[in-house]
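Q: Handing you a structure now.
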Amino acid sequence: MDMTDSGGSRRAFLKNTALASGGAWLGLQMSDVLAAGAAAAAHDGEHWQVLSAAEVAGLGAVADQVFPPSDTPGAVDIGAVRFMDVALGGFMAGALPMLQAGLADLDQRAQAGGGTAFAALPFEEQTSILRDIETTAFFGNVRFLTLCGLFALPAHGGNRDRTGWDAIGFESRHAWVPPFGAYDAAAGDEAHDG
């Protein structure tokens, strides 16, 4: 991922990535993702389950780098960090120590450059630091959790007000009416003939 891209091209990248690979992983882990999402929705507005305030701020800063705010809300406003907190307290609990170490590393990098906490740095300085770690497991996991939080079914957490779906042009329908495609037309006729 080229961190120098504008927010629009990042969103195009996210759309293509989500469409190409997200479905395969979610198909295998859907029950865990839905459970985490449901818990996130139930706990929205309450205390954080596993993350400290500093960790919430750090994850929020990284998530907003992945899906930055512009004329539409960014990852934090859409609820991605709330989803992360629940996931890290559940099906992604094994990743929590690695993510905490990654957040501490980001703060150390920010302090080495004369700053304070990573989350307190200006957006451009955060981008510069993330360029150095964008191929790490830490960044990959935060990006993955951000995408889950952005595009999850709103009833299950994240994707607040369907803003994530709106950003990629996803059309949500309660039900899809058959025939779904030309290949289904014959199957539908056979069912009515019997």
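Condition check ((1) surrounded by 18 or more Cβ atoms within 10 Å (Cβ to Cβ); (2) modelled with pLDDT of 95 or more) across all residues:
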| position | (1), (2) |
| --- | --- |
| Gly37 | yes, no |
| Glu46 | no, no |
| Val62 | yes, yes |
| Val66 | yes, yes |
| Met84 | yes, no |
| Gly90 | no, no |
| Ala95 | yes, yes |
| Leu99 | yes, yes |
| Gly114 | no, no |
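Q: Going residue by residue through the stretch 168-188, is there one that turns out to be touching a Leu at 6+ places or on another chain (Cβ under 8 Å) and either modelled with pLDDT of 65 or more or exposed (fewer than 10 other Cβ atoms within 10 Å of the Cβ) (or both)?
A: Yes, the stretch 168-188 has at least one match.
Q: Would you check if Thr4 is surrounded by fewer than 17 Cβ atoms within 10 Å (Cβ to Cβ), of a type in the set (Val, Ile, Thr) and at pLDDT 80 or above?
A: Taking the combined requirement at face value, the residue does not satisfy it.
Q: What single numbered condition from (1) closer than 21 Å to Leu88 by Cα; (2) surrounded by fewer than 19 Cβ atoms within 10 Å (Cβ to Cβ) fails to hold for Phe151?
A: Only one criterion is unmet by Phe151, namely (2).
The values are calculated or read from the model by the stated rules, or taken from the named source; none is laboratory data. Everything numeric in this text was worked out from a predicted model, so none of it was measured. As a convention, Cβ positions derive from the backbone with ideal geometry for all residues, glycine included, and neighbour counts pool all protein chains shown.
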